[in-house]
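All of the numbers you see were taken from the coordinates with simple rules; none came from a lab. Bear in mind that the values here come from a model prediction, so they are computed numbers and not experimental data. Reconstructed Cβ throughout: ideal geometry from the backbone, glycine too, with neighbour counts over all protein chains shown.
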Amino acid sequence: MRPAEQVACPDCGLIQRLPEALGGEITECVQCRRVLAGRTAGRVDLPLALACGSFLLLLPATAAPLMSVSTFGAVRESWLSSGVDALGQQGFGQLALLVAICAVALPFLYTGALIWVLGNLHFARESGTPRGRALGRIYRWVRLLRPWMMIEVFLIGAFVAYTRIDVVASVQVGTGGWCLIASTFALLLALTQLDDRTVWAALHPHEDELPTGNRARRLACTTCDLIVPDTAESEPCPRCQAPLYRRKPDAFRRTVALLIAGYLLYIPANLLPVLTIVRFGSEEHNTILSGVFELIRNDLWPLAVIVFVASIVLPLMKLFGLTWMLISIQLGSATLLRTRTRLFRMIDVIGRWSNIDVFMAAVLVAVLQFGALTTVRVGQGLVAFAAVVVITMFATVAFDARLMWDAARRPEELEYAS
């Protein structure tokens with residue numbers, strides 16, 4: 001059983017004490033229903049083993065071809081990094097950098113850091129030795145990098161590309177592709193078995209590491225939920241080294257600025273072509289919406305729905321949802337407050353999936369280069385679309401959901417919030 005711990009909900013700011021929970025139970029915030037502790041609390045060994053397996057499978061996924069494409073006797077192979085090279089050669093260095101970071105570098109960095117933290121916790125349990133103070137900082141970066149580590153998004157984008165290639169050429173999944181699939185599923189399974197509360201509880205600082213001050217006025221770390229006196233504001237958190245603040249600095253204004261940029265870029269992202277396909281000298285310009293129609297014409301309805309939702313619905317949902325939240329803060333509205341908070345959590349989790357189109361294009365330009373037979377080029381619309389995705393992700397990071405609850409609280413209720 002997990003000992004009771006006092007925490008502050010990172011979404012609504014309510015300070016509360018976690019009850020002791022039996023295995024298989026979840027603990028939710030009494031105010032906004034955010035999950036504070038999951039059903040997998042206490043597990044370290046299983047997620048560690050799965051993360052190790054995922055890391056080992058990433059090695060052949062990088063070293064072996066993901067797929068091979070043949071048409072009229074010509075054959076091309078695609079590796080995990082082939083899309084990066086192809087985008088760079090076509091003069092789209094910014095897109096190449098995005099793919100290189102999110103789909104190639106960060107999966108290794110993220111999984112390696114996760115293994116390091118969980119491995120240290122495992123051996124600390126076995127030996128009874130204290131954990132190093134640096135583990136909290138490393139695990140904070142694991143949490144920060146999670147939205148940008150998009151190996152599963154890349155896998156879906158590669159699958160969409162596979163279906164489009166299969167229409168015009170013969171395509172075969174290689175050893176690297178199967179290893180990438182296995183590695184992705186192992187990592188996702190590891191994350192479903194990992195509970196953040198278990199890690200933070202194991203890294204709880206000693207009493208002499210906690211700041212002193214008036215504990216009646218409290219401040220909570222938004223990364224690890226540690227409660228400290230408000231005199232620690234602007235200081236690093238004793239557990240994870242994140243900067244401590246009562247509310248994110250300039251959260252409202254930064255979110256507004258990023259949303260304005262997102263709205264402006266959304267127009268060219270949907271009007272300009274994202275791909276140009278040249279077949280036997282005939283050019284075909286594809287926008288995001290025309291790509292959805294192409295999947296429908298090929299009777300690939302499930303993929304058409306996935307691409308439509310990820311590329312058109314999700315960006316609009318992020319833009320409109322965050323706009324609604326900002327307006328409600330200005331009005332001090334308490335209407336649908338819990339619904340707005342749940343929407344923010346949804347936006348935070350699924351916003352990254354809009355990059356499916358970017359990764360699909362990276363795979364297509366890497367393998368469909370057969371000279372006069374078939375050639376694929378990236379268009380400026382994809383640059384604008386990728387910018388919308390990245391900007392809205394930064395807007396979600398910049399926003400502080402507790403501002404919605406602050407605007408709706410009575411003055412006497414604020415003392416119960418961190």
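Given the DSSP H assignment, sum -39500 (n - 2.57) over each helix run of at least 4 residues in the chain and divide by its residue total; what's the result at 222 nm in deg cm²/dmol, nearest 500?
Computed mean residue ellipticity for the chain: -17000 deg cm²/dmol.
Using Cα-Cα distances under 8 Å and only pairs 6 or more residues apart, what relative contact order does the chain have, in percent?
Rounded, it is 23 percent for the chain.
Starting from the Cα-Cα distance between Glu20 and Asp250, subtract it from 0.36 nm times their residue separation and give me the gain in nm to one decimal.
Taking Glu20 through Asp250 to full extension adds about 79.1 nm, to one decimal.
How would the range 1-104 be classified by its alpha-carbon gyration tensor: rounded, prolate or oblate, with rounded meaning a/c under 1.5 and the a/b versus b/c comparison settling the rest?
Prolate, since a/c reaches 1.5 and a/b exceeds b/c.
Which FRET efficiency, nearest 0.05, do Leu331 and Glu28 yield, Cβ-Cβ r, R0 22 Å?
The formula returns an efficiency of 0.20 here.
Can you list residues whose amide H is under 5 Å from Phe92's amide H, if they're 5+ apart or on another chain and H is modeled 1.01 Å from N?
Answer set, sorted by chain and number: none.
On C-alpha positions alone, give me the angle between the axis of helix 151-168 and the longest principal axis of the chain, in degrees, nearest 10.
20 degrees
Note down the magnitude of the dipole of the range 344-407 about its Cα centre, charges +1 on Lys and Arg C-beta and -1 on Asp and Glu C-beta and zero elsewhere, to the nearest 20 debye.
About 160 debye.
Multiply the residue separation of Phe320 and Thr71 by 0.36 nm, subtract the distance between their alpha-carbon atoms, and state the gained length in nm to one decimal.
Contour length minus Cα-Cα distance gives 85.2 nm.
Sort Ile350, Ile327 so the one with the fewest other Cβ atoms within 10 Å of its own Cβ comes first.
Fewest-to-most ranking of Ile350, Ile327: Ile327, Ile350.
Using the Cα centre of the chain as the reference point, and only Cβ charges (+1 on K/R, -1 on D/E), how large is the resulting charge dipole? Debye, rounded to the nearest 20.
Its charge dipole is roughly 580 debye.
With unit charges on the beta carbon (Lys/Arg positive, Asp/Glu negative), name the residue among Leu14, Leu314, Thr341 whose Cα is farthest towards the positive pole of the charge dipole of the chain.
Leu14
If one computes the Cα centroid of the range 256-321 and of the range 88-126, what distance in Å separates the two points?
Spelled out, the Cα-based centre of one part sits 27 Å from the other.
In degrees from 0 to 90, rounded to the nearest 10, what is the angle of the helix 314-331 Cα long axis to the longest principal axis of the chain?
So the inclination is approximately 30 degrees.
If we sort 314-321, 97-104 on the protection proxy, mean other Cβ atoms within 10 Å, highest first, what's the order?
97-104, 314-321
Helix 337-350 versus the longest principal axis of the chain: what angle, 0 to 90°, nearest 10, using Cα atoms?
Roughly 50 degrees, rounded to the nearest 10.
Relative contact order (percent) for the range 51-115, with alpha-carbon contacts under 8 angstrom and 6 or more residues of separation?
Value for the range 51-115: 33 percent.
With the Cα gyration tensor of the chain in hand, convert its eigenvalues to equivalent ellipsoid semi-axes via √(5λ) and list them largest first in whole Å.
42, 27, 16
Taking 0.36 nm per residue of sequence separation and subtracting the Cα-Cα distance, how much length would be gained by fully extending the chain between Ala63 and Asp85, in nm to one decimal?
Working it through step by step, the gained length comes to 6.4 nm.
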